[in-house]
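To start, the structure itself, in structure tokens.
The values are calculated or read from the model by the stated rules, or taken from the named source; none is laboratory data. Owing to the predicted nature of the structure, the values given are computational and were not obtained by experimental measurement. When we count neighbours, we look across all protein chains shown, and the Cβ atoms used for this are built from the backbone with ideal geometry, even at glycine. Protein only, heavy atoms only, side chains kept; ligands, DNA and RNA dropped before computing areas. Shrake-Rupley method; radii C 1.70, N 1.55, O 1.52, S 1.80 Å.
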Amino acid sequence: MRKAIYSTLVPGILAMVFSCSVEVGQPVPDSGKVPGITEGAVEGELLIRFSESAAELLDKAGLTKSGPAGPATRSGISTVDEVLSLLDGYEIERVFPEDRRTEEAARKAGLHLWYLVRFDGKTSLAKAASELSALGEVSRVEYNRQLKRAYSGKSVPMSVPAVKAASSGRFNDGLLPYQWSLINDGTLKETKFVKDADVQVEKAWDLCTGDPSIIVAVLDEGVDWSHPDLAGCMWVNEDEIWRSHEDNDGNGYAGDYYGFNFARGTGVISTDNLSDTGHGSHVAGVIGAVNNNGLGISSIAGGNGTKPGVRIMSCQIFSGQYAGTVLDEVRAIKYAADNGAVILQCSWGYVSGAANPYEWTPQYGDDETWMKDNVLEAKALDYFIHNAGSPDGVIEGGIAIFAGGNEDAPAAGYPGAYKDFVSVAATAGDFTPSVYTNYGPGTTICAPGGDQDYYYEYGEGENRGSVGCILSTLPLHISESGYGYMEGTSMACPHVSGVVALGLSYAAQLRKHFKADEIVDLLYSSSTPVEGFWNTDAPKYYYKYVAELGDNHFKSMDLNDYTGKMGSGQVNAYNFLKAIEGSGAAMSFPNVLVAEGGIATLVPSRYFTDGDGLTYSVSVKDGSIASASVAGGKLTVKGLKAGQTAATVTASDGRKNDFVITVKAKTAGEGWL
């Protein structure tokens, strides 16, 4: 298990942030509709997918509007209600609350048919699942598994250098010289560093430092939105009100200002539980902490101090001892897609199916097995990769990036190992695999994740080995300095998310458009093969830095076991941005779809090359159908009556873009054609 090294006493690092409970429940008949065991299931809750034929009845019963804000006590389907009536005190609600902007896409994906049923826990899950699965109106029943974190709770105190320092390195952030994963010159105090064994971001910063139009959803513990190095990079839902108990923007979630706390069912993102580790804030700092602000760390895509960087959306699925459920997870995934995120940062996953059974409880070993037991999870992720982004924006579709796992297993853990997702292995500061990392099948790329065991011989006391770990932001109540070290594939993962965010920022700067799978292909093809840097001598490392085996007990790593199994290579930001520079299509100005009486907005400068310094005006051919204006850098279209009209936006340098405004009397939401 991997540990965290903080500047104050705090719980240890997340290895794989969750795995199912090891308690096995009752077997149920394998009807094809229900997973075979109730392992890790929350008592008194079932996730149900109704058949397509039941959709109209569900709508008539008003369950379309149900969700976290208002469960119902009847489904409106007599046969279902008859069975549910046997489950005392039951409630039923849509898994995914209605978002008027994206309801059409949700229905197309069949997500509107998934419901959560709560009932008296005295009824066994197996019995309830068996009876519900027998109904013709029910096509699938799944258990709402409690998500379990698989990491040590031990704390390891350490000291961090002064938070503020004189200008050094590329930016004036005082701790940048300690961030070998960003800039590794091979001389950071110790010998186990190799020049350029980093993510190659320094040269990439000559091209781009980030763009606020790119949103990364961090599914993790909460992100500390008040942290001095993170406050400036947080995504803000401008249509919502901070700490509001009302759903002001109609997206199904009340008060979701910086994101949403799915673990607690509130818009207030939290990091102050005594059992919180600060992991979400640490991940966020790697990706987008504010650069060149004379404070703390630098990040991969955090801007340059003048131009802002990418935005972090906090989708909190862990809170203190409460680790959330599958319900919280899938809601967070869809929320991210519906609210503008194009990268899903997931430093969690199931234990590898190839993990040592004496130390772990192995989980899924192939795509088919994972898909069979996790239909809802797979559907939610599929929704993200196909519905995030925009056909007229920088990227069409979304990219889900997962930590590969920390069991030293010869296969990555799921869901990341699935073919549609990016799964990240971890490396040390000399390109060698971190001693804990999973590798092999399912692994698609690698990145610096730190390795305290490998660097244990350096340093003193509990600080030993920390120089080889990843330095990033932590909530101030966890670390007095606001910074500390962690290690794990959960730290390698945000390095890849940060590089992808930087690449998409560069695409936005160039006004280029890509499909999500094109970006992933460029990510892999631009990576650096690590094997060519490996020394023929077997790397030696201290086994489990807790001193139960004595300070002189070392083990050797056989690099032959890892050859060709670390994915495409180590992520390379500069190569990736240069690949983007030579690829993609020109971004097109979007046609606008708006409801009668509704409003749609966009930023016109994003569709003109070098358009940030220009001003814009707009004209509408038929002013009876729609009106349009530009103010504060935003173009606002208001639908007046059903119909269609041509419109033109003109830049101050004379360039023009024609587009079409379509106004519909009734529409599931506002968006772009």
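Key figures for this structure:
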read-out: Residue within the range 63-74 that is assigned to a loop (DSSP other than H, G, I, E, B), modelled with pLDDT of 80 or more, open to solvent by 20 Å² or more (accessible area, probe 1.4 Å) and of a type in the set (Ser, Thr, Tyr) present; value: yes
read-out: Filter pass, Tyr436 being assigned to a loop (DSSP other than H, G, I, E, B), open to solvent by 10 Å² or more (accessible area, probe 1.4 Å) and more than 29 Å from Tyr383 (Cβ to Cβ); value: no
read-out: Asp658 vs. criteria open to solvent by 40 Å² or more (accessible area, probe 1.4 Å) and part of a loop (DSSP other than H, G, I, E, B); value: no
read-out: Qualifying position, being at negative phi, buried (at least 24 other Cβ atoms within 10 Å of the Cβ) and assigned to a loop (DSSP other than H, G, I, E, B), among Tyr383, Tyr418, Tyr454, Tyr358; value: Tyr454
read-out: Residues within the range 478-510 that are modelled with pLDDT under 95 and farther than 20 Å from Gly404 by Cα, tallied; value: 7
read-out: Selection within the range 295-317 - among the hydrophobic types (A, V, I, L, M, F, W, C), part of a loop (DSSP other than H, G, I, E, B) and surrounded by 24 or more Cβ atoms within 10 Å (Cβ to Cβ); value: Ile297, Ile300, Ala301, Val310
read-out: Positions within the range 125-151 being at pLDDT below 85, part of a loop (DSSP other than H, G, I, E, B) and open to solvent by 10 Å² or more (accessible area, probe 1.4 Å), in sequence order; value: Tyr151
read-out: Residue list for the range 283-330, restricted to those being among the charged types (D, E, K, R) and under 16 Å from the mean Cα position of the chain (by Cα); value: Arg311, Asp328, Glu329
read-out: Of all residues making up the range 514-537, the number that are within 13 Å of Thr563 (Cβ to Cβ), among the aromatic types (Phe, Trp, Tyr) and touching a Ser or Thr at 6+ places or on another chain (Cβ under 7 Å); value: 1
read-out: Matching residues in the range 222-264 - criterion: being modelled with pLDDT of 95 or more and open to solvent by 20 Å² or more (accessible area, probe 1.4 Å); value: Trp225, Ser226, Pro228, Ala231, Gly232, Trp235, Val236, Tyr257, Tyr258
read-out: Scan of the range 576-600 for residues that are small (Gly, Ala, Ser), in a loop (DSSP other than H, G, I, E, B), in contact (Cβ under 8 Å) with a residue 40 or more places away in the chain and open to solvent by 20 Å² or more (accessible area, probe 1.4 Å), ordered by number; value: Ser583, Gly584, Ser588, Gly597
read-out: Residue among Asp185, Asp196, Asp206 that is among the charged types (D, E, K, R), open to solvent by 10 Å² or more (accessible area, probe 1.4 Å), under 25 Å from Ile401 (Cα atoms) and over 23 Å from the mean Cα position of the chain (by Cα); value: Asp196
read-out: Selection status of Gly393, closer than 26 Å to Leu147 by Cβ, touching a residue at least 40 places away in the same chain (Cβ under 8 Å), of a type outside the set (Phe, Trp, Tyr) and part of a loop (DSSP other than H, G, I, E, B); value: no
read-out: Unique residue being among the charged types (D, E, K, R), in a loop (DSSP other than H, G, I, E, B), closer than 20 Å to Lys60 by Cα and open to solvent by 20 Å² or more (accessible area, probe 1.4 Å) when the list is Arg107, Arg100; value: Arg100
read-out: Filter pass, Ala573 being in contact with a strand residue (DSSP E or B) (Cβ under 6 Å, 6 or more places away or on another chain) and surrounded by 15 or more Cβ atoms within 10 Å (Cβ to Cβ); value: no
read-out: Whichever residue in the range 601-625 is of a type in the set (Ser, Thr, Tyr) and assigned to a helix (DSSP H, G or I) and, among such residues, is most open to solvent (accessible area, probe 1.4 Å); value: Tyr607
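Conditions (1) among the basic types (Lys, Arg); (2) in a helix (DSSP H, G or I); (3) within 28 Å of Pro308 (Cβ to Cβ), marked per residue:
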| site | (1), (2), (3) |
| --- | --- |
| Pro441 | no, no, no |
| Tyr458 | no, no, no |
| Ser472 | no, no, yes |
| Val499 | no, yes, yes |
| Tyr506 | no, yes, yes |
| Tyr524 | no, yes, no |
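This table checks each residue for (1) crowded, with 23+ Cβ neighbours inside 10 Å; (2) in contact with a His (Cβ under 8 Å, 6 or more places away or on another chain); (3) on the phi > 0 side of the Ramachandran plot.
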{"site": "Thr271", "(1), (2), (3)": "yes, yes, no"}
{"site": "Ala284", "(1), (2), (3)": "yes, no, no"}
{"site": "Asn293", "(1), (2), (3)": "no, no, no"}
{"site": "Ala332", "(1), (2), (3)": "yes, no, no"}
{"site": "Ala337", "(1), (2), (3)": "yes, no, no"}
